[in-house]
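> This is the structure I have questions about; it appears just below.
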Amino acid sequence: MNTIYAREDHLGADEYMDVVAKSGLNRPIEDRGRIERMLAHANLILTARQDGRLVGVARSLTDFCFCCYLSDLAVDKACQGQGIGKRLIEETRTAAGGAQTTTLLLSAPTAMSFYQGLYLLRTLVNLCNARTQKLSTSLELSVGCSCLIKRVFTSYCKWFGCSRATNVCT
């Protein structure tokens, strides 16, 4: 099936709520007002459509030159496995400023195999190692890190072959 990718600055709440529900992504789709505010304040929304029907969305906040937080990546379960999520990430990175912009995406627990397939987690560990100047196989998160991030990195440190993980959170 032919998939059309586009930037949509004014995505409707109904379409967004429908694809999120069909994707299994946990978002407050029962609160339409909140969804409308989420969409209104996102400054980068990329979509995937098949025969005009929304089958995927990537909703982000970015400054278009240094960083991009890809808050929502949702693909209708009936369309997963077609490369739509991967392409939405690629389109987001390009639209947010390309290689000079860091794109941050925290995964839903149910999507970990998808991200592992894209090597995103290994990239995050490498970025973390470079940031803390720990070039060995250990992983260190500095003071002030989010405890959620601590748990994610601690959980996946073993998967990446890190010999130890040091986490100091406030």
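> How far apart, in nm, are the 7 Å Cα→Cβ label points at residue 104 and residue 40?
Once both label points are built, they end up 2.5 nm from each other.
> Please list the non-local residues whose amide H lies under 5 Å from the amide H of residue 102, H modeled 1.01 Å from N, same-chain partners needing a gap of 5 or more.
Long-range HN contacts for residue 102: 67, 68.
> For the stretch 17-29, what does the Karplus curve 6.51 cos²θ - 1.76 cosθ + 1.60, with θ = phi - 60°, yield as ³J(HN,Hα) per residue in whole Hz, taken in order and with x for Gly and Pro?
My calculation for the stretch 17-29 gives 4, 5, 5, 5, 4, 6, 8, x, 5, 7, 9, x, 5 Hz in order.
> Taking amide H atoms as placed 1.01 Å from N in the peptide plane, list the residues 5 or more away in sequence, or in a different chain, whose amide H sits under 5 Å from that of residue 71.
59, 60, 61
Read the figures in this text as sums done on the coordinates, not as results from a lab. Just so it is clear, the model here is predicted, and its values are computed rather than measured. For neighbour counting, all protein chains shown are included, and Cβ atoms are generated from backbone atoms with ideal geometry for every residue, glycine included.
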